[in-house]
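Since the structure comes first, as structure tokens, the remarks are kept for the end.
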Amino acid sequence: MRSIRSLAVLALLPAACSNPPPSAPPSTTAEPATAAIPGADRDAHGCIGSAGYRWCAASDRCERPWELAKAQGFANTAAAFDAYCGTPASAGD
């Protein structure tokens with residue numbers, strides 16, 4: 001008799017495991033529809049401001065001001081970068 005009960009329990013065990021768990025309730029917090037993609041903040045020259053790049057007319061490319069200052073030997077300031085690159089101070093931001 002005991003072996004018959006054991007077989008009955010074993011026979012029902014897979015059926016109990018095959019039922020999917022109840023679904024979670026829908027989230028009440030929605031993702032913003034206009035989530036910013038990292039690196040998607042390119043300026044008119046294609047420079048990625050969030051990565052520290054600014055346009056430099058002297059080198060005709062996007063530069064990181066602190067790297068350019070070190071490589072070219074000028075002070076690491078916005079004014080020095082603008083003077084070296086030939087960009088107006090207001091156009092850098």
Q: Average the reciprocal distances over every distinct pair of alpha-carbons in segment 41-93, invert the result, and give the Kirkwood radius in Å.
A: 10.8
Q: Quote to one decimal, in nm, the extra length available between Ser59 and Thr77 on full extension: 0.36 nm per residue of separation minus the C-alpha distance between them.
A: 4.7 nm
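Quick note: the coordinates plus some simple rules give every number you see, no bench work behind them. Just so you know, these numbers come straight off a predicted model, no measurement behind them.
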